[in-house]
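Q: My structure is below; once you've seen it, I'll send some questions.
The values are calculated or read from the model by the stated rules, or taken from the named source; none is laboratory data. No experiment lies behind these values; they were computed from the predicted model shown. Note: ideal-geometry Cβ built from the backbone for every residue, glycine included; neighbour counts use all protein chains shown. Just so you know, the surface numbers come from the protein's heavy atoms only, side chains and all, with ligands and any DNA or RNA stripped out. Shrake-Rupley method; radii C 1.70, N 1.55, O 1.52, S 1.80 Å.
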Amino acid sequence: MVARNAATPLAAIIIFFAVLAPPLSACAEDLLKVAVAQRGQWDTAITELGERSGIFRKRGIAVEILYTQGGPEAHQAVISGSMDIACGGGIESAIGAYSKGAPVRIVGSAMIGSPDTYWFVVANSPIKSLADASGKTISYSQNGSSSHTALLALLDQYKVDARPVSTGGHPATLTMAMTGQIDIGRGAAPFGLELVDEGKIRVIARGSEIKARADQTVRTCMANAQVLGKRGDAVARFMQGYRDAIDWMYTDPAALAMYEGFSNVRRELMAKVRDQYFPKATLWPDEIRGLDLVLSDSLKNKFIARPLTAAEVKEMIQIPAPVK
């Protein structure tokens, strides 16, 4: 005869293991959706390589990545709430969005200066330098992007009356330049540098020439304000993983191999150009550099209609402290 309490041992076992098992929240990784501008560049690969290498996982973060043709598209995804964070978008676009009431906060610097950006012509072009560019069409990616503001600063510095044209991502821009749809194309290392080595295109200007931007944050990581308010710990751990990934990318040769698999850029080429076009210090996220100049340029370039107050700037920039 089966006793009425025969199921009791099984129930006790279930309860025993339920007590021992950690809560699901302690095991599960926090998912963050990250929009990244311009797939394949070294600086915009930080999130990708951090995810592939397991660096974010060590911080309890899982990352879902959306690539866009430019920073403004990435910013719109964060503004709409479809993405949590955007990395690689121009700082003036971020400031402009905040000034218009968009729910965004800057949580890190993504690039200081424009050492990676260059402008080029086809090898047989009569244009030898920017001095020959008056009246010619010259590329930037999208309105409000870092390449847009870099180009405006470059033309102002050299007092050249060229005609800026939005051409989108690097592959489309290269096609337009090679087929004569635009006079002067725009690239960002390492994209297109093999064509320079092959003598198919010529670099006529570099972002590193722009004196006003040499010590100025030009791209940022930006978070949705509601996400930052409700999941600030996860955002802080993401930014720490971002720091960890940068450290790894400059110390471990495996990072170059992983980058090659992701971008199809030969590791030998990236090793050659990494420190020239992407000094590690330019990628470090902990400080918005040259903020007074950035705010002044934002007003001059009409990204904001009035100067921001000190309180607004403090609210807009909320870089999480490093996590141990």
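Q: What's the number of the condition residue 143 fails, among (1) open to solvent by 50 Å² or more (accessible area, probe 1.4 Å); (2) within 29 Å of residue 274 (Cβ to Cβ); (3) modelled with pLDDT under 90; (4) not hydroxyl-bearing (Ser, Thr, Tyr)?
A: The failed condition is (2).
Q: Right, next: With the structure loaded, tell me whether residue 314 is of a type outside the set (Ser, Thr, Tyr), at pLDDT below 90 and exposed (fewer than 14 other Cβ atoms within 10 Å of the Cβ) or whether it fails that test.
A: Answer is no for this residue.
Q: Taking region 267-324 as the search range and keeping residues that are over 19 Å from residue 219 (Cβ atoms) and β-branched (Val, Ile, Thr), which one is nearest to the chain's Cα centre (by Cα)?
A: In this case the residue turns out to be 323.
Q: Suppose we filter region 227-274 for residues that are within 22 Å of residue 171 (Cα to Cα), open to solvent by less than 50 Å² (accessible area, probe 1.4 Å) and among the polar types (S, T, N, Q); how many remain?
A: 1
Q: I would also like to ask the following. Does residue 144 satisfy being more than 20 Å from residue 297 (Cβ to Cβ) and in a loop (DSSP other than H, G, I, E, B)?
A: For residue 144, the condition - more than 20 Å from residue 297 (Cβ to Cβ) and in a loop (DSSP other than H, G, I, E, B) - is not met.
Q: Take the conditions among the polar types (S, T, N, Q), out of contact with any strand residue (DSSP E or B) (no Cβ under 9 Å at 6 or more places or on another chain) and farther than 19 Å from residue 40 by Cα and apply them to residue 263. Does it pass?
A: Criteria not met by residue 263.
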